[in-house]
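Take a look at the structure below.
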């Protein structure tokens, strides 16, 4: 019979190796015969790619290969999916533009991956990046979400007229508006929840391997979970059976949400490992984290709180504009919608509530779950309103 552990202190198993410096993180692993990858990233927030010349990089010492979107397309490697689409009920279907692992003719944010170099050493891979010549035609960049939604703004995606990704609404709009109209006291505020960039101690890293005897791919990754990453990679990108792709995560040096998702690097490592029949390792440099890992927040809100003569809450209305970035990350559309709407009332009894969210595309790093994932943004709105009302 299993021991009853309810109410008992549970001994932590991991503390000893962390305290003694014997923990093993992804960057600490070495696979026999491994190669090293490096990513050439866009210096522009929005530009057309006219030409990529990597002849000099291919001739550099230690370089095994230089790859672009065309190489992925030949092998049928699909775009990265957005898992939140099926879970978020919007007024119209969420617009999901294709997000390839390497840019297809256009870059849409600073840090967008353009080319992938594989070499015998990290230094050789990084040096080769300087030898790749990309001819860019710079376009107008939209960074602020209100600019992206303005009349006449440049289009980021043909699929998204007006740069609109979705419109989400939840609650009793008519009842809320009526309560606000009749209320003795109404507080209204414009609230900005600024964009933030997670920075865990351990940057993202991964090793992709391919076992030819079993025809199986394996990703060793700095991950906060493995099943979601595996399922998206196998089902949507490589289109192989789940038992042909394994994902494992060793010790992880912080995540704050950003290590939950499929990234272009994971796709590139696995694809190239299968192509070259050798393990390939990539470890992000710190500046890469700010350009390529998901970011959080970036929500503007117009919010109103109605109160009666005794200061009791009658109604709350919040209209949010959420910056999705240039592409939709795995759970991006669900953060300012499903997640935030569950917390918009905070701990308070508010009889009438309505919340609307407009999601828009900009030339910025994609947004996704970061420390609370929408709930801190919602709490910030209601608490700011209460402070103002007081």
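Every read-out reported here was derived from the displayed coordinates using simple, explicitly stated rules and does not represent laboratory data. Because the structure is predicted, anything quoted here is derived from the model rather than measured. Cβ placement follows ideal geometry from the backbone for every residue including glycine, while neighbour counts extend to all protein chains displayed.
Some points to look at:
- Extension gain, residue 13 back to residue 104 (0.36 nm per residue minus Cα-Cα distance, nm): 28.2 nm
- FRET efficiency for residue 51 and residue 348, using Cβ-Cβ distance with R0 set to 56 Å, rounded to 0.05: 0.45
- On Cα atoms only, tilt of 375-389 relative to the major axis of the chain in degrees: 30 degrees
- Fluctuation leader among 117, 74, 247 - the chain, Gaussian network, Cα springs under 10 angstrom: 74
- The mean sequence distance of close C-alpha pairs (under 8 Å, at least 6 residues apart), as a share of the length of region 257-353, puts its relative contact order at 23 percent.
- Computed on the chain, with alpha-carbon pairs under 8 angstrom and 6+ residues apart, the relative contact order is 23 percent.
- A simple packing score, the average count of other Cβ atoms within 10 Å per residue, orders the peptides 105-113, 331-339 as 331-339, 105-113, with the highest score first.
- For a paramagnetic label modelled on residue 23 (point 7 Å from Cα along Cα→Cβ), amide N atoms under 20 Å away belong, within region 233-259, to 248-259.
- All Cα-Cα distances of region 340-390, cut into 10 Å bins from zero to the largest, leave 20, 48, 25, 7 percent in each bin in turn.
- Projected onto planes of every orientation and averaged, the convex hull of the alpha-carbon atoms in region 293-383 covers 5.6 nm².
- For the pair residue 130 and residue 89, the difference between a 0.36 nm per residue extended length and the Cα-Cα distance amounts to 10.2 nm.
- The chain - share of DSSP beta bridges that are antiparallel (%, nearest 5): 75 percent
- Scattering from region 179-255 was approximated by placing one identical point on each alpha carbon and applying the Debye formula without solvent; log10 I(q)/I(0) at 0.21 1/Å stands at -0.98.
- Region 110-151: C-alpha pair distances exceeding 13 Å, %: 70 percent
- Reduced Cα scattering model of region 1-49, Debye log10 I(q)/I(0), q = 0.22, 0.28 Å⁻¹: -0.94, -1.09
- Pairwise FRET efficiency - residue 287 versus residue 177, Cβ, R0 = 56 Å, nearest 0.05: 0.75
- Translational diffusion of region 94-239, µm² s⁻¹ [Kirkwood Rh, Cα pairs; Stokes-Einstein; 20 °C; 1.002 mPa s]: 102 µm²/s
- Mean separation of Cα contacts under 8 Å, 6 or more apart, over the residue count of region 77-155: relative contact order %: 16 percent
- Hull volume per residue, based on the alpha-carbon atoms of the chain and their convex hull, is 185 Å³.
- The tail of the calculated P(r) for region 207-292 beyond 16 Å holds 51 percent of all Cα-Cα pairs.
- One chain, two ends: residue 137 and residue 244. Fully extended at 0.36 nm per residue, the span grows by 34.5 nm beyond their Cα-Cα distance.
- With all projection directions averaged, the alpha carbon convex hull of region 1-154 covers 17.9 nm².
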